[in-house]
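FYI, it's all coordinate maths here, none of it is from the lab. Remember, it's a predicted structure, so these values are computed and weren't measured experimentally. No Cβ is skipped: glycine too gets one built from the backbone with ideal geometry, and neighbour counts run over all protein chains shown.
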Amino acid sequence: MATKKTETTTKKAATTAKKATTTAKKTTTKKVETVVKKASPAKKIDSLKDLKAATKEVAKETTKEAAVETKTVRKAKKDKQGRVYATGRRKDAVARVWVMPGHGKVTINDKTMDEYFSRPVLKMIINQPFEVTNRVNEFDVICTVNGGGLSGQAGAIKHGISRALNEYEPELHSALKQAGFLTRDDRTVERKKYGKAKARRSYQFSKR
């Protein structure tokens, strides 16, 4: 009985091995046929090197086709009034920004930009996203800012305008990203340490 069982098991193993080899041969032949069909007709496949080169070309073409298919065009996320909302942050300041097509009017906390920011440097910071994207005097901005000082608030408004422009016109993403306007500037004031006047400033040394 034991010998019969061993014989049957060996026969089963042999049949499974034969099936596996036949299926592997079929798949390899199918792959080779597809590569030969997709490969450029000018090139002849005579050796293994030619076959490898053809498979590489076919793989590149398939990846390119897949990338083209997966690319989806982003649409602008506008509200009923045709505005785009974004939040900007810098230091301790947080800005809520609405961008809409207009003539370059900027209102900050119900005030004009000239009334709210007297320093020309801060006005320049706010207008930077429009200058980089060549959209000067093409959008109106309404924003509310809280927290931080004037420089931090200007940076927060700039961040919010950049993100809003990115949502309004997705084509401007590369220009804003290269300028670094879409990333939140995480630099903050370093905390004061005990035994020091400030974060790193020491008290005046007296010898006696």
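The modelled label-to-label distance between GLU61 and SER151, using points 7 Å beyond Cα along the C-beta direction, is 5.9 nm.
Return the subset of LYS78/LYS123; LYS123/LYS158; LYS77/LYS111; LYS75/LYS177; LYS105/LYS177; LYS78/LYS105 for which the Cα-Cα distance in this structure is over 21 Å, preserving the input order. Walk me through the intermediate numbers first.
Details: LYS78/LYS123 26 Å; LYS123/LYS158 10 Å; LYS77/LYS111 26 Å; LYS75/LYS177 18 Å; LYS105/LYS177 24 Å; LYS78/LYS105 19 Å.
Violating the 21 Å limit, Cα to Cα: LYS78/LYS123; LYS77/LYS111; LYS105/LYS177.
Give me the one-decimal nm value for the distance between modelled label points at GLN178 and LYS192, 7 Å along each residue's Cα-to-Cβ direction. If labels sit at GLN178 and LYS192, their model points lie 4.5 nm apart. Count the net charge of all other residues whose Cβ sits under 15 Å from the Cβ of ILE157, scoring Lys and Arg as +1 and Asp and Glu as -1. With Lys, Arg at +1 and Asp, Glu at -1, the net is +4. The distance between label points at THR87 and ASP140 comes to 2.6 nm (points 7 Å beyond Cα on the Cα→Cβ vector).
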